[in-house]
Structures are given as C-alpha cells and as structure tokens.
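Heads up, the thing below is written out as structure tokens.
The values are calculated or read from the model by the stated rules, or taken from the named source; none is laboratory data. Please read these numbers as outputs of a predicted model, since none were measured by experiment. We place every Cβ from the backbone using ideal geometry, glycine too, and count neighbours over all the protein chains shown.
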Amino acid sequence: MSLQTSYFPDDHTGEIIGQELKDAMAFWKLVKDRQACVTTDSGKNMIKAMKMNNWTHLQCFGHRLHNAIEHGVKDHRVDIKSTILHYLNCKYSEPVTAELLSISSLMDPRFRTTCIDMTSWRESSKRMLKSWHLCCQTKIFIQQFR
C-alpha cells in the first residue's frame with residue numbers, strides 16, 4: 001500500500017531519498033518505533049537511504065525473483081525453477097530462503113518444493129495471515145479518513 005508519491009526534481013541520491021522519506025513519515029505522523037521495516041528494490045541509493053535513517057531494510061522479493069527469472073531466460077540451457085532456487089540460495093541465508101519458499105507455496109502451489117517441513121509451513125502461514133490481517137485493518141483505518 002502506498003501512502004504518498006513525491007516529485008524529485010533533484011538527483012535520486014540516498015541522501016535526498018532518505019530525507020524525503022523522513023519528511024513523509026513526519027507528515028503522516030508515523031513513528032519509527034512502530035515501523036517493522038521498509039521494503040524497496042536493491043538500488044544503492046535506497047540501501048543508503050535506509051542506512052542513513054537507521055531503518056531496517058527488506059529487499060523486495062518481487063525484484064529479486066524478477067532478476068532471477070531474467071537471468072534464467074538469458075541462458076536457455078538452465079531451467080527457470082533451478083535458476084530461481086540457486087539465486088535465492090546465493091542471496092538469502094538458508095532459513096530465510098526456506099521461509100520465502102514456504103510463503104510462496106502458500107500463495108502459489110507451483111512454488112511448492114518437496115523439502116518444506118510442516119512445522120515451518122505452519123509458522124509461515126500463521127505469520128502471513130497475521131500480516132494480511134494487519135494490512136486489511138490498515139486499509140480500513142485509512143478509508144475512514146477519505
């Protein structure tokens with residue numbers, strides 16, 4: 001969900017983006033203590049902005065997945081699923097990779113692998129449902145002010 005878009009007449013440097021994000025947080029009266037993380041692409045300017053503000057940064061899974069697929073398509077000898085799994089294993093630590101694959105398999109069975117243990121699957125599904133519930137509550141809250 002997006003709360004705001006901003007025009008950037010200047011360069012998109014980490015410093016400028018970091019300040020604009022701080023200003024947006026102040027405008028919306030959002031406090032850092034209630035912020036879990038900020039999800040962005042993995043551009044150097046975005047990473048710098050997150051570090052500057054001392055915010056937890058989560059690189060976008062969709063961007064990473066897109067990069068993995070794009071890399072797999074360039075080499076037709078490699079099947080795309082193995083390319084994605086290889087890319088994820090290189091970029092994420094084992095527990096995080098397993099978590100992402102578990103969550104992905106909840107959303108789309110084509111991502112299901114044979115190595116998801118039921119305990120981690122149950123925990124992943126609980127966390128995903130809690131996040132979904134929070135998103136729905138946030139949407140309802142914001143709609144009250146329209």
Unmet criterion (only one of (1) in contact with a strand residue (DSSP E or B) (Cβ under 9 Å, 6 or more places away or on another chain); (2) surrounded by 14 or more Cβ atoms within 10 Å (Cβ to Cβ)) for M52
(1)
Checking D11 against (1) in a loop (DSSP other than H, G, I, E, B); (2) at pLDDT below 80; (3) more than 24 Å from L134 (Cβ to Cβ), only one condition comes out false. Which one?
(2)
Name the residue that is surrounded by the most Cβ atoms within 10 Å (Cβ to Cβ), counting only residues in segment 18-49 that are of a type outside the set (A, V, I, L, M) and in contact with a strand residue (DSSP E or B) (Cβ under 8 Å, 6 or more places away or on another chain).
T40
